[in-house]
Every structure is written in structure tokens, then in C-alpha cells.
Amino acid sequence: MTAQIPNLTQVPWNRPSLGEDEIAEVTDTIRSGWLTHGPKAAALEQAVRDELGVPDAFAVSSCTAALHLALLAAGIGDGDEVITPSLTFCAAPNALRQVGARPVFVDVEPATYNVCPEQAEAAITAATKAMVVMHYGGHPCDLAAFRDLADQHGLLLIEDAAHALLARRDGLRAGTVGDLAAFSFYANKVITTGEGGMLLGRRDLVQRARLLGRHGIDASVWQRHSGGRTAGYEVTVPGLKYVMSDLAAAVGLPQWRKLAAFTARRAEIAAAYTGALAGLPGLATPAVLPGVEPGWFLYSIFIDPAHAPLTREESAERLRTEYGIATSQHFRPVHTLQVHSGSVTCPLPVTETAAARQLSLPCYPAMTDDQVTQVITAVRALWGC
Ligand SMILES: Cc1ncc(COP(=O)(O)O)c(C=O)c1O
């Protein structure tokens with residue numbers, strides 16, 4: 001029986017683009033009899049390596065798993081300070097706390113809401129071991145500046161590239177500049193495997209993560225079975241179970257092939273929104289810095305209650321109830337979450353202002369042109385246009 005997702009709104013905030021290609025690949029996997037991490041996961045890793053030119057990639061069960069493994073593989077642990085933004089999802093800060101490290105939250109830049117290199121540099125102490133940067137909404141942070149900073153201070157650079165699957169800045173591709181980077185293939189991301197992620201970067205670290213992500217066992221189940229060696233293995237480190245299943249990878253393979261087309265459609269929708277909404281009083285559209293090709297995971301508007309006819313909350317509520325349009329918000333700053341309230345922070349005024357004003361409009365390839373027009377018409381109507 002097909003489970004029906006209730007049609008709660010006419011324009012959902014997100015809907016994945018899945019079709020016959022994904023169904024065929026999943027069917028093939030089921031028919032093959034091999035469901036866990038095996039040839040399909042390896043093919044997805046290869047596709048990522050080929051396209052990004054990174055030394056290694058490991059397909060895992062989520063971006064959160066990739067971030068946790070990144071920290072474990074790099075030996076980040078007790079008492080280490082790690083510089084990171086607070087305007088992000090809780091995944092990286094939670095992983096930091098899980099390994100015993102201390103997140104040090106620094107503010108973001110007012111143009112892009114990306115973590116600010118100058119603020120990061122000011123927060124470096126003798127205890128700092130790494131920086132976990134994030135590409136807000138798919139607009140890459142200043143990758144070159146963070147690479148320089150990491151090299152100058154001997155720090156590890158980890159990119160939380162959950163939003164930035166096909167994004168570039170100054171010729172640098174997001175996901176390729178850090179010692180390690182993590183992609184998300186969660187259901188609402190630019191491509192999806194339902195749940196899933198990819199850890200990529202330096203070969204020594206990814207290999208260590210691969211060992212840690214399969215219980216610390218010296219060879220994968222696929223390697224052992226395909227080599228006829230079904231029993232007998234060694235556990236060399238106390239690992240966890242974080243591998244991506246071949247069922248998930250089967251969804252991901254055709255999705256990866258469509259990444260460029262998906263991103264182009266997102267960019268088209270973003271351009272339509274910016275063309276129609278820029279200049280409305282008290283409403284800021286997302287900035288795109290010169291030399292940047294964003295991944296457009298999010299299309300954010302920022303509503304300044306002092307100059308807009310209505311607040312962010314009123315806008316979200318009226319879009320939902322009067323126009324059937326769902327929105328979202330990214331993010332509640334991590335330092336305001338109960339579990340992180342004791343973390344090290346400097347004042348974060350830009351983070352707090354952005355978080356109070358930000359509203360994510362629907363922006364995904366499955367949207368029809370009519371739905372895009374519906375969103376534009378609704379927002380303009382709320383602004384009295
Ligand atoms: C910036 C960021 N990092 C990490 C994650 C976690 O991704 P996953 O659900 O694949 O673990 C998310 C999820 O939305 C995110 O927005």
C-alpha cells in the first residue's frame with residue numbers, strides 16, 4: 001500500500017524530486033539481494049570523488065554521522081575548542097559535545113550570514129583545534145580565508161556542507177577546501193537518499209572514518225562476502241555503525257546525476273523571487289557575493305519589523321492560512337538551545353538579528369512555475385502590492 005502524505009498545504013515548504021530513475025535503481029537493488037553498504041554505496045562514493053576531485057569519500061547514514069566521524073577520525077576530543085557558527089543546525093555542535101570538545105560560537109557576516117573569518121581568528125586560543133564552518137543556505141563561506149586561517153594556526157578545517165552540494169566561491173568548490181567535509185542527503189536537501197550523507201576529504205582521515213564507521217572492523221561486509229570470507233574479522237578500534245545502505249545509495253545515484261539540473265532550477269526560482277521581491281520595504285532578499293554560485297538549498301527573506309508592514313511571524317502565518325504556502329525558519333541559534341546554553345560565546349548580534357528576521361520560502365525543483373508565481377503574488381499582496 002502506498003502511504004499518502006497528507007496534502008496539508010498547496011505549496012509545501014519542500015518536496016523531493018523522485019521518479020522512475022530512482023524507482024528502477026531501488027528495484028534493481030532489491031532484486032540483487034544486497035541491501036546493506038556495498039556496490040551502490042561504493043558507486044555513489046566514486047561519483048562524488050570523480051566530480052569533486054577529492055582524495056576519498058565515504059557514504060554514511062547522515063550528515064550528522066559524517067560530522068561525528070570527522071571529529072573522531074581527527075582525534076578532536078576532551079577540552080578541545082572548536083570554532084563554529086551558532087546560526088546553524090545543532091548537528092555539528094551536538095557532535096562536538098559528544099566527543100567532549102567545546103563549541104566556541106562566533107558571529108556571522110551581515111551580508112551572507114556565513115561565519116566570519118575575522119571573528120573566528122579573534123576566537124583562537126591555545127586550546128583551539130579546529131573550525132567547523134557552514135555554508136548558510138548554500139552560499140559558501142569565505143573558503144580561501146578559512147583555509148589560510150587554518151594553515152596559519154595549524155587548525156583542522158571541517159566544512160559542514162549540508163546546504164552546499166553544488167556551490168562555488170572564487171573558483172573553489174564547497175566540500176573540497178576543508179581537510180574534511182560533510183554533505184547531507186536528508187529528505188529535504190538538494191539531493192536525497194531519504195536519510196544519508198557523505199564524508200569527503202583527506203584520504204588518511206576518510207580511511208580512519210571508514211574504519212570507525214563500520215564498528216572498527218578491518219574490512220567491509222561487502223569486501224568480506226564478495227571475497228568469500230564471510231566469517232573472521234578483527235576489530236581494531238571501538239567503532240560505531242554509520243554506513244549508508246545500498247537501498248539509500250540506489251536513490252542517491254540517479255539523484256546525484258540530476259544535481260546540476262536541480263541546482264539550475266533552484267537558481268531559476270531564486271532569481272524569480274529576487275526579481276519580484278527585492279525592494280519591498282523592510283524585506284531583504286539573499287545577497288550573492290561576486291564570484292559565488294550558490295547551491296540555493298534555502299531562499300531566505302529577512303523581515304525587519306521596523307520597516308515592513310508585518311512581522312516575520314505574521315508573514316508566515318498569513319502565507320499559510322490565507323495562501324496555502326508553507327515556510328520554514330533557519331535557524332534557532334544553537335547557543336540559545338538549552339543543551340548548548342553553557343557553551344563559550346562572544347556577543348552574537350548579527351546571528352540573533354538574522355534568526356529573528358529570517359523566513360525560508362519554498363524553493364525546490366519540484367515546484368511548478370504556477371507555484372512560484374503563487375508565492376511571489378502572495379508575498380507582494382501581504383506587502384500591499
Ligand atoms: C547545516 C546542517 N548541518 C547538518 C545537518 C544534519 O543533516 P542530516 O539530517 O543529514 O544529519 C543539517 C540538517 O538539516 C543542516 O542544516
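What the table below lists for this structure:
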{"quantity": "Segment 66-80 versus segment 214-289: alpha-carbon centroid distance in Å", "calculated": "20 Å"}
{"quantity": "Residue-averaged [θ]222 nm for the chain, counting only DSSP H segments that reach four residues, each worth -39500 (n - 2.57)", "calculated": "-11500 deg cm²/dmol"}
{"quantity": "Protection-proxy order for peptides 248-259, 232-243, each taking the mean of Cβ atoms within 10 Å per residue, highest first", "calculated": "248-259, 232-243"}
{"quantity": "The chain, dipole about Cα centre (Lys/Arg Cβ +1, Asp/Glu Cβ -1), debye to the nearest 20", "calculated": "660 debye"}
{"quantity": "Accessible surface of the chain, 1.4 Å probe, proportion on carbon and sulfur as whole %", "calculated": "54 percent"}
{"quantity": "Contact order relative to length of the chain, as percent, for alpha carbon pairs under 8 angstrom and 6 or more apart", "calculated": "23 percent"}
{"quantity": "Sequence ranges 133-139, 286-292, 201-207, ranked by mean other-Cβ count within 10 angstrom, highest first", "calculated": "133-139, 201-207, 286-292"}
{"quantity": "Taking segment 106-182 and dividing mean pair separation by its residue count, relative contact order in percent (alpha carbons under 8 Å, at least six apart)", "calculated": "27 percent"}
{"quantity": "Accessible area of the chain divided out per residue, in Å², using a probe of 1.4 angstrom", "calculated": "42 Å²"}
{"quantity": "31 Å tail of the calculated P(r), the chain, as % of Cα pairs", "calculated": "38 percent"}
{"quantity": "Rounded to the nearest 10 Å², the accessible area of Met198 at probe 1.4 Å", "calculated": "0 Å²"}
{"quantity": "5 Å-binned pair-distance histogram of segment 260-382 (Cα, whole percent)", "calculated": "2, 10, 19, 22, 18, 14, 9, 5, 1, 0"}
{"quantity": "Rounded accessible area of Val221 (nearest 10 Å², 1.4 Å probe)", "calculated": "60 Å²"}
{"quantity": "Pairwise Cα inverse-distance average, inverted: Kirkwood Rh of segment 237-276 (Å)", "calculated": "12.9 Å"}
{"quantity": "The chain: antiparallel DSSP beta bridges as a percent of all, rounded to 5", "calculated": "55 percent"}
{"quantity": "Listed residue (Leu69, Val379, Leu18) projecting farthest to the positive dipole end of the chain, Cβ model", "calculated": "Leu18"}
{"quantity": "With all protein chains modelled, accessible area of Trp34 [1.4 Å, Å²]", "calculated": "50 Å²"}
{"quantity": "Rounded Å value of the spacing that divides the Cα centres of segment 133-150 and segment 306-385", "calculated": "23 Å"}
{"quantity": "Dipole of the chain [Lys/Arg +1, Asp/Glu -1 at C-beta], most positive-end residue of Ala271, Ala145, Pro254", "calculated": "Pro254"}
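The values are calculated or read from the model by the stated rules, or taken from the named source; none is laboratory data. The structure displayed is predicted, hence computed values, not measured ones. Glycine gets a Cβ as well: all are built from the backbone with ideal geometry, and neighbour counts include every protein chain shown. Note: areas computed on protein heavy atoms with side chains; ligands, DNA, RNA excluded. Shrake-Rupley method; radii C 1.70, N 1.55, O 1.52, S 1.80 Å.
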